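Below is one structure, written out as structure tokens; the observations come after it.
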Amino acid sequence: MDSSPSPSPSAAPPAAADAGRYTFSPKLRWQPEVEEYFAAAYGRDRFARITEALAHPSRYCCIRVNTLKSSTDDVMHKLMDLVCENGLSDGINGLEIVEQNCGEQPHERSSLVQKCPYAGLENVLFVQGSGPHVVHYNSQPDQSVKEIVVSRKCAESVLRGAQVYVPGVLACSSHVEKGDKVAVSVAVEQPVKDGDWAVGITRGTVLQGLQSGKFFFVEVFTCATSFFLDKRCIFIELYNIPHVADAHYEERKGLYIGQGTAAMSRSGIFRVPHGIAVEMTERVYKLPSFNGISAYFLHLLQHVLEGEIFLQNLPSVVTARVLDAYLSTFDSFLHVIHSIISYCIAKRFWPDLYCIKFAIHLIDPQPGERILDMCAAPGGKTTAIAILMMDKGEVVALDRSHNKVMDIMKLASEMDLNCIKPYKLDALKSVRRTDEATNVAMADNHCEPIKTLAEDSEPCHATVDGRATNVDKDSSTTTVVQSETEQTFLVDDKNPESKRYVSKAELRKNLRRMKNGPGRNNCSGGRVEKSKGFFPNSFDRVLLDAPCSALGLRPRLFAAEETLESLKTHGKYQRRMFDQAVKLVRPGGVIVYSTCTINPGENEALVRYALDTYKFLSLVSQHPKVGGPGVVGWCELFNKTYTEEWLTEHEAELVQRFDPSSPVDTIGFFIAKFNVGEK
């Protein structure tokens, strides 16, 4: 890293005058009642460590390999070959090549790319980062550091390895030009009247970078004397002119996340709607990120490794494994069988295969299982489950957002997974409403998975003016006909008497859709399937990765938006979703519940509710087991008018809680697994 030049004693720059200012030492703020609640749950010392960890990013990146298309070794070799061939041996935001064997046959590998050390996660790679680092912010003698202030969300992305983009910039020093080195700091919410919080910086604010009038005079006087030596008296008078100091100078102290090169001038930053504003060159945390590499290399990376890797948090990978633990065991067994057969072929002898058949019978694999992912976006756990199932069976993925369902479809297409069936559906409406008691009774007693019709079924085929088109309507097959008055109607083949008028605009729209063909996600015209819900007991396993307060995500620079009341609301919402999951899973099935929050009210309290409400549910142990135990005990809230109960000692050992302050260094996460008995 560059060191700033030594300033003269008479005019020390701000960086030297206030060395503790240009550091990254954030203090995560909570609402006082929330802080007391968490301190009661964890103990003050442990909660202080959790708070400190949440304000900093994890020091590694987790990559899940699609084992249906590649292997962990192949992915490592492809990645390092790309790095070597493109002359990027100095690193990709933290990646580097190391030669070993003392010069004998150079063995190129990444010292920072490692296989996951935990059993059962052989398809996971860790790309190690580093930090925190001390950044020496450049400044010229007698001049203040040029700065750019970014929003909190932007800063959290930069800490994870991203660049600074235009929408995230709030304020900038004057006279910043393209190519200038700038210090990047973050504006965090500050307390205002009525107990609220707000960011005091308006987008476009000019940063003075000064705390007092002293530096203003020194800068102007020094710069001007070289041009106007005979007019020094003018600048002596300027010293007494009042000026506006930086009102947010103290707010940024200890919140500097790095240094970079301005990709455009100040005027350009606040004129254009998008683009990179600052290319980060020195970071407090050096974490692996493929967002900062060249567009050419990124194109190569996407082309070579498309569909083979997925960046995913370690607890999320563990969640998918917990749901399909028996499948991973069977997968490992298949590898053993494959090795035995390969050995027999190589040695040209065949032992008695009865023992192999008996072993398969003991494992009792169940191909064709039907699994539901109730809140599937962005599709990481969904695709992980499909891969563990060897792309056999059916994985139903739900989300209420059209665009998120499209993202799931795109990801499944990239990974060549055909067993994933995404639908647009609110998880709170997952159970299909029906007044037909016979259907419900049949669903309750049916031993096979029961499939429901989607609102949008197969498209109908039509011909207009000799051209084929599609008109997507309900489940019946339809035909487009033209009357003598040249009006176009949609006729149901099963009921020829019924017909509906079709406008020419609708026909042209379907013609364009057919002409353009299916997109990359194999979906014509950006359409997604909607569902009316599913019958009770229609899934073998259900994953509920519930929407939550997300208080476990890292890095997090502000948390005071959550109150005790809002945390309680999250818990109520999750209970309603869990009720839907219980209805949808069959007796003998499995429910896995997970969140990315440290709030016991959304984790242990939900498990307590489930065990007390549904006596046929039982907590079971999990594999792989990476996280620690849950929270034990209870807590009185709202002036002791409400008691929140958590887990017993035995129950706490059966769940997994990922502590951000633990050596595993993950986000805050929680996983619980339930076996479903006879209802």
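Considering only DSSP states other than H, G, I, E and B, which trypsin sites (Lys or Arg not before Pro) in region 529-560 qualify as loop sites with at most 16 other Cβ atoms within 10 Å? Display every interim value, and only then the final one.
On the way: sites: 530, 532, 541, 556; in loops: 532, 556.
In loop regions of region 529-560 (DSSP not H, G, I, E or B), the sparsely surrounded trypsin sites (Lys or Arg not before Pro) are 532.
May I ask you to derive the FRET efficiency for residue 59 and residue 679 from their Cβ-Cβ distance with R0 = 60 Å, giving the value to the nearest 0.05?
Values: r = 45 Å, r/R0 = 0.76.
Result of the calculation: an efficiency of 0.85.
Taking the Cβ of each residue in 152, 49, 266 as the centre, tally the other Cβ atoms inside 10 Å and list the residues starting with the fewest. Walk me through the numbers before you get to the answer.
Values: 152 19, 49 16, 266 25.
Ranked by crowding around the Cβ, least crowded first: 49, 152, 266.
Work out the FRET efficiency for residue 114 and residue 650 from their Cβ-Cβ distance, taking R0 = 41 Å, and round it to the nearest 0.05. Walk me through the numbers on the way to the answer.
Values: r = 35 Å, r/R0 = 0.85.
E between residue 114 and residue 650, to the nearest 0.05, is 0.70.
Given the Cα-Cα distance of residue 572 and residue 203 and 0.36 nm per residue of separation, how much length would full extension add, in nm?
Details: separation 369, 0.36 × 369 = 132.84 nm, distance 3.71 nm.
Stretched out fully, the residue 572 to residue 203 stretch lengthens by 129.1 nm.
Go ahead and run the numbers for FRET between residue 505 and residue 306, Cβ-Cβ distance against an R0 of 25 Å, rounding to 0.05.
Details: r = 37 Å, r/R0 = 1.48.
Efficiency computed from Cβ-Cβ geometry: 0.10.
Within region 557-596, whose backbone N sits under 17 Å from a point 7 Å along Cα→Cβ of residue 639?
564-565
Can you run phi through the Karplus equation (6.51, -1.76, 1.60; θ = phi - 60°) for region 45-57 and list ³J(HN,Hα) in whole Hz, with x for Gly and Pro?
Each residue's phi maps through the Karplus curve to give 5, 5, 5, 5, 5, 4, 4, 5, 5, 5, 7, 10, x Hz.
Can you compute the modelled spin-label distance between residue 74 and residue 625, with each label point 7 Å from Cα toward Cβ, in nm?
Once both label points are built, they end up 3.4 nm from each other.
How charged is the neighbourhood of residue 44? Take every other residue with its Cβ under 14 Å from the Cβ of residue 44, and add Lys/Arg as +1 and Asp/Glu as -1.
Numbers: positive: 46, 49; negative: 35, 36, 45, 52.
Spelling it out: positives minus negatives among the neighbours equals -2.
Of 392/572; 381/504; 253/568; 178/253; 153/615; 153/381, which ones are farther than 32 Å apart at the Cα?
Working: 392/572 35 Å; 381/504 43 Å; 253/568 34 Å; 178/253 25 Å; 153/615 43 Å; 153/381 24 Å.
Result: 392/572; 381/504; 253/568; 153/615 exceed 32 Å.
Where a number appears in this text, it was derived from the coordinates with a stated rule and is not lab data. Nothing here was measured: the structure is a model prediction, and the numbers come from that model. Because the Cβ atoms are built from the backbone with ideal geometry, glycine has one as well, and the counts that use them run over all protein chains shown.
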